[in-house]
1. Just the residues that are surrounded by 14 or more Cβ atoms within 10 Å (Cβ to Cβ) and assigned to a helix (DSSP H, G or I), please, taken from region 129-138.
2. All but one of (1) under 19 Å from S227 (Cβ atoms); (2) at pLDDT 90 or above; (3) out of contact with any helix residue (DSSP H, G or I) (no Cβ under 6 Å at 6 or more places or on another chain) hold for G75, so report the exception by its number.
3. Give me the residue from region 156-189 that is polar (S, T, N, Q) and touching a helix residue (DSSP H, G or I) at 6+ places or on another chain (Cβ under 6 Å) and, out of that set, farthest from L70 (Cα to Cα).
4. Residues being among the basic types (K, R) and either within 12 Å of S87 (Cβ to Cβ) or in a helix (DSSP H, G or I) (or both): count how many of those fall in region 167-188.
5. Somewhere in region 121-135, is a residue of a type outside the set (A, V, I, L, M, F, W, C), closer than 24 Å to L243 by Cα and modelled with pLDDT of 90 or more?
6. Do you know which of the residues in region 214-269 that are under 20 Å from the mean Cα position of the chain (by Cα) and in a loop (DSSP other than H, G, I, E, B) is farthest from M108 (Cα to Cα)?
7. Of these, V201, V175, V152, which one is among the aliphatic types (A, V, I, L, M) and at pLDDT 90 or above?
8. Considering only residues that are small (G, A, S) and assigned to a helix (DSSP H, G or I), look in region 139-166 and name the one that is surrounded by the fewest Cβ atoms within 10 Å (Cβ to Cβ).
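The values are calculated or read from the model by the stated rules, or taken from the named source; none is laboratory data. Predicted model, so just to flag it, every value in this text is computed and none were measured. Positions of Cβ are generated from backbone atoms using ideal geometry, with glycine treated the same way; all protein chains shown enter the neighbour counts.
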Amino acid sequence: MVIKMQARWNTGRLVLLMESLVAKDLKVRYKRSILGFAWFLLKPLFSMVVYYFVFTRILRFGGAIPHFSLFLLTGLLPWNFFSSSLSATTSSLLDNHRLIRSIYFPRMALPAAEVAANLVHLLLALLVLEVLLITFGHYPGLSIILILPALVLLTMMTVGIGMMLSIGNVFYRDVKQFIEILLLAWFYASPIIYPLDSIGVDIIESQRLLQILKFNPISGFMEIMHSIFYLGTWPPLWCWISLGSWSIIFLLTGMAIFRKAEPVVVKEL
C-alpha cells in the first residue's frame, strides 16, 4: 500500500510540493520583519567587519591580502548558506510533526525545502557580491560559468547532511546543540577567513596541516568561490574532486539513512 502511494508522487507533484514548502518557509521567516532578505546579507557583512578589524588591526593577518574584506565576504556568504541550512534542517521534521502525521508525502522534501529556501537567498546575495567585486576591480573571468555546477554540488552535500541531522534530532535532541558547536569548529577549519595557499608549506607540519584542511568537505567549495569571484581564475582540480566526492557520499548516505529511518520517525513523532 505504501509503495503504491509513493509511486503516485510523480516529479511534477514533488516539484509543486517543494515550491509550496519553500514559499511557506520564506513567508514565515520574514513575517513581521522590516528588513526581510537583507538579513541574509547583513549577518555576513557584520561578520566581515568584525573579522576585518581583528585580522588587519589586531593580528595583522589580512593586511597581506588585497581587499581583504571582499575576500572575507566571498567565503562568508556561502558559509552562511551552509550553516543556516544545517541549523534549519536539523529541526525540520520536529517543526512539521503535525503535517507529517496528517498526510502522506515524501518527507525528504522537508529538509530539502529548508536548503532550497536558503539557496534562494544565496543566489541573490551573490549578485550583490559580484557588484561589489566589480566596483573594486575584481572582474569575473570565464570561470564564472562554473558557479552553477559548484552550487549544485554544495546543495547536494548540504541536503545529504541535513537529512541525517533531521533524523538524528528526532531521536536525540542533543543533535541541535551539537551541530551549533560543530559549526563553530568547522568554520575555523575551513578556508573562509584565510586562503589555503597562505599556509607556510615549507614546514613539514604545515604541509600536513594543508592536506588535513583540504580534506575538509567544505574546503573545495570555498576555494572554488575564491577562485571564481575574488581572483577570476579557474579553480584547481582538487577542489572539484573533493567537492564532487563529498557531495555524492553525503547525499547518498543521507538518503539511505532517511529512507530506512522514516517509518520509525513517523511513529516517534
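1. Result: L129, E130, L132, L133.
2. Evaluating G75 over (1) under 19 Å from S227 (Cβ atoms); (2) at pLDDT 90 or above; (3) out of contact with any helix residue (DSSP H, G or I) (no Cβ under 6 Å at 6 or more places or on another chain) leaves (3) as the failure.
3. Checking each candidate, the answer is N169.
4. Within region 167-188, residues that are among the basic types (K, R) and either within 12 Å of S87 (Cβ to Cβ) or in a helix (DSSP H, G or I) (or both) number 1.
5. Yes - at least one qualifying residue is present in region 121-135.
6. Taking the candidates together, the pick is P235.
7. V152
8. S143
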